[in-house]
Structures are given as structure tokens and as C-alpha cells.
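Worksheet: the structure to be examined is printed underneath.
The values are calculated or read from the model by the stated rules, or taken from the named source; none is laboratory data. The model shown is predicted, which means the values in this text are computed figures rather than measured ones. Here Cβ is always computed from backbone atoms with ideal geometry, including for glycine, and neighbour counts include all displayed protein chains. In case anyone asks, the SASA skips ligands and DNA or RNA and just uses the protein heavy atoms, side chains included. Shrake-Rupley method; radii C 1.70, N 1.55, O 1.52, S 1.80 Å.
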Amino acid sequence: VVGQAPAGMSGDGALQLAAEDLHEALQDPLLGALGFLNEVMARYPDAISFAPGAPNPALLDELDVAAQLDRCVAHFARSRGLSARAARRMLFEYAPSRGLINDLLAEALRRDEGIDVPSDAIVVTVGAQEAMLLVVRALCRAPDDMLAVVSPCFVGIAGAARLLDVPVIAIDEGEHGVEVAAVEAACRRARAGGKRIRALYVAPDFSNPSGTVLGLDARRRLLELARREHLVLIEDCTYGFTAAPDAELPSLKALDATGHVVMLGTFAKLCLPGARVGFVVADQVVADGGGTRRLLADELATLKSVVTVNTSPIGQAVVGGMLLEAGCSLAALGRMRSRTYRHRLASLLDALDRHLLPGAAAVGVSWNRPAGGFFVRMRLPVPVDAALLERSASQFGVLWAPMSSFHVGGGGHDELRLSCSYLEPAEIEEGVGRLSRFLHATIRREDAHRDAPTGR
Ligand SMILES: Cc1ncc(COP(=O)(O)O)c(C=O)c1O
């Protein structure tokens, strides 16, 4: 019936929009990937899900939100010379686009990593996701600027670029993260084509989805390349806190002597994702032709004022209170959680070894062994796609994320990502048992198909 209605109208006269008239990003499988995973999880509520990279909600059962708000409000009153009443009202009003807890963040960065930036160089964002959107928007001028990403990568960065019509160049990740020579080659190719790679998105610590860590020497070489190529490095520090205390590496921002790094952070994994608080450190100077000099953070705050206006003051005060409680140290906040996550990751790797290791390699099943982060990447001898996920969920009650969702230029069609963060150790054990049964059945089935006479 709908097909018989005039264009732009459904049978009952209501406006009908054509998908091809909407923004192209909506047809991009990258943007659909998260929705698809959530939809599968909703259809199989009893399945054990290794899909979400979300923090374990049980870690927040004891969170006293009111006490954290009070702590942060007391800080607002002290640091701004306000009455208790005026400080409390800050929670309920519009707030500066730049943020309310910038001083705490600047102090934490100085204390933890020796990163010395004024609080004005920080913008508090609605999660790291908004920071990605603002940074890509500010840095890339159409039509010649491109964003390079280390692929596979977090869907949110490529999605933000697609949304902004900024072309994305995928630089395939090596075993130890981004390969500096590959970035250099990509810059050269772009230049030869009259384009410019304006920025590179890189997550040096336990990247999502691969779990790779960029070594110290590679970090230094990447910074040198950034200087030579006038490249901005957009550093995503989300999972750095999960490193063991003796294995922590300095962030690119801490090593950056020339202002080539814009740093993104989030409280989603350190504290709670529901607060939706992240931040961006952008202390680069922006000069205009008239001699006016502003910080890149000023420009980002201007953009933010027409995107989300400000980050929720209540959300900021909850994480601000948690930061104050941890002695104004992101590292201390991280240490309170990182043991738990390393333990979860060890449980996952141990369960995989016990359930799968005997015989895995012989049938083409393998996985990496990251020392931190939330994710394990597994290779299978069969195509890993939506149909396989559906079978895994419906027949074996176990969910995971196809790696192809994280590949920007295509790829990852024989891999999946397992996340340890959302599950309790007992669930991890049960989930890996289910995964093992699923893999045995799937690989046997494939073998049977291959061996079956074709009849031709
Ligand atoms: C690498 C990475 N960066 C950023 C984010 C998003 O952070 P937020 O929830 O603060 O937007 C995630 C969330 O999964 C992530 O994995």
C-alpha cells in the first residue's frame, strides 16, 4: 500500500522520508554496528554477553551519589569563595561550556603525569565521544583535510568523522599498535594527492578493540613524525588506567614538548558511564591574522556551546567528588579499579586456555593475550558475521562483538572481540564454556560442509 502512495507520502498521508535523502552517515555500517549489538543483546537477555565494553555495574553498587555531590559542592564553595547555597545552585543552572571541574582535572594531570596545562586548556565534555566530535570538527577544514585512524579502532571516532563529512584514512595496526612508518607513508600519499592528513587518532594504551600497547620508543618516534608532518595526534587515554603499576608508560601528552597532542579522557570506565563526563586537553595556541591568540580549548568550547551547551553540572559534580575523594588524582582513581579489571582479564584468558587451548591452534582458533584493557581479540577459521552471532546467541546463549565492526577500511571478517569488563568471574567461566561449545559445533559444521559431496 505504501508503495502506491505518491513520493514523500505514506498511504495515510503522513510524511515519509527517503533514507537516501538523509545524511550518508546513516547508511554507514559503522554507525549501525552499536545499535545492532544492543538490539541482539535485547533479544537475548539471558545470554552471557562478552560484547559491551562497559564497566561492571557491581563496582558502583556502593556509590553514594549525594556524598559525592556534597564533596564537589564544598569544593566549588571553597575554591570560588561562594556561599554553600550559591555553590549548590551551580548544580541546577546552565554552566560554562568549558566546564566546572577543569581546575580538578588540571591538578590531576599535573600530579599524575607532570602535564602542566592551565585549567582553561581543558574542556569538560559529554563523554569522550563529544570530545571526538568537537576536535575533529575544529581541526578539519573541508574539503582537503582528512582524519587518519589506526584501524581497527573505536567506532565513535570514525563515526564522528563520518557525521562531519571528514574523510577517514585507515592505517592498519601492527602487532604493537600503530606503525610509525605506515603513518609517514599515508601522509606522503595524501600530500601527493593534494590532500592533508590533519590529525591521527591513536589509543596507545590497550586500544579498543585490539588491546595493543604502543611502546615507549614508538611513542617518541610518533611524536617526532607529528612534528615533521605538522600532524595533530588525538590521543585517547581511556584504558591506560588498567596497566599494572610497574608497566605504566607515559602518555603521548606527557612526552609532548611541542604541543602536537590533543588528549581525550573519560570518566566512563574510571567512574560511571551514566554521568557522561569526559574531557579534552587542548593547550595549542590558535593565532588569527589580526594577531589574536586563543587556545584550541577556547575554540572547542565555542563549538560545544552550539552542540550540548554544557556538560551536566550534576554529572560533573559526581565525578568531581570522586576525583576529590581520590586525592585529586586520576591515577589513584584508576588504581581503585584496575586490579579488578586485570583480574577479570586474567579470568577470561585462563578460562579460554582451559576450555579451548587443547586443539585450538590445530583448527585455526587463536587469541591475543593483552596485559590490560577490557578486550581479547579472537581469530576463527570461519567467517564472523551477523549470522554467526545470531547462531551463537540463539543456540548457545553467548554474545560477542564481530571485529569487522571496528575496521574502517574493511577487514576483520574472521575475528571477534571478547570483553571481560561487564561480567563477574563466574559469568566469564560459564560464558567461555558456552563459547567453547559454540566453537566446537561451528567448526565441526564447517568441516562437515567442506567434506560433504557437492552432488555436482
Ligand atoms: C577507546 C574508547 N574511547 C572512548 C570511549 C567513549 O567514552 P565515553 O563514554 O566517555 O563517550 C570508549 C567507550 O567505549 C572507548 O572504548
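Brief remarks on what is shown
- Averaging the Cα positions of each part gives two centres, and for region 80-114 and region 203-248 these lie 28 Å apart.
- Expressed as a whole percent, the accessible area of the chain that falls on carbon and sulfur atoms is 54 (1.4 Å probe).
- If you bin all the Cα-Cα distances of region 13-135 at 10 Å, starting from zero, the percentages per bin are 9, 22, 27, 24, 15, 3, 0.
- DSSP bridge orientation in the chain - percent antiparallel, rounded to nearest 5: 55
- Among the chymotrypsin sites (Phe, Trp or Tyr not before Pro) within region 33-95, those in coil by DSSP and having at most 16 neighbouring Cβ atoms inside 10 Å are Phe92, Tyr94.
- Pairs of Cα atoms farther than 19 Å apart, region 181-271, %: 41
- Length-normalised contact order for region 111-265 - Cα pairs under 8 Å, 6+ apart - percent: 22
- In terms of its Cα atoms, the chain spans 82, 57, 53 Å along the principal axes, sorted from long to short.
- For the chain, calculated [θ]222 nm from helices alone, where every DSSP H run of n ≥ 4 adds -39500 (n - 2.57): -13500 deg cm²/dmol
- Mean Cα-pair separation over length for the chain, i.e. relative contact order, pairs under 8 Å, 6 or more apart, %: 22
- Euclidean distance between Cα centres, region 394-447 to region 149-166, Å: 24
- Point-to-point label distance, Leu63-Asp28, nm (Cα→Cβ direction, 7 Å offset): 2.9
- In region 145-228, GluC sites (Glu not before Pro) in a DSSP loop with at most 10 other beta-carbon atoms within 10 Å: Glu175
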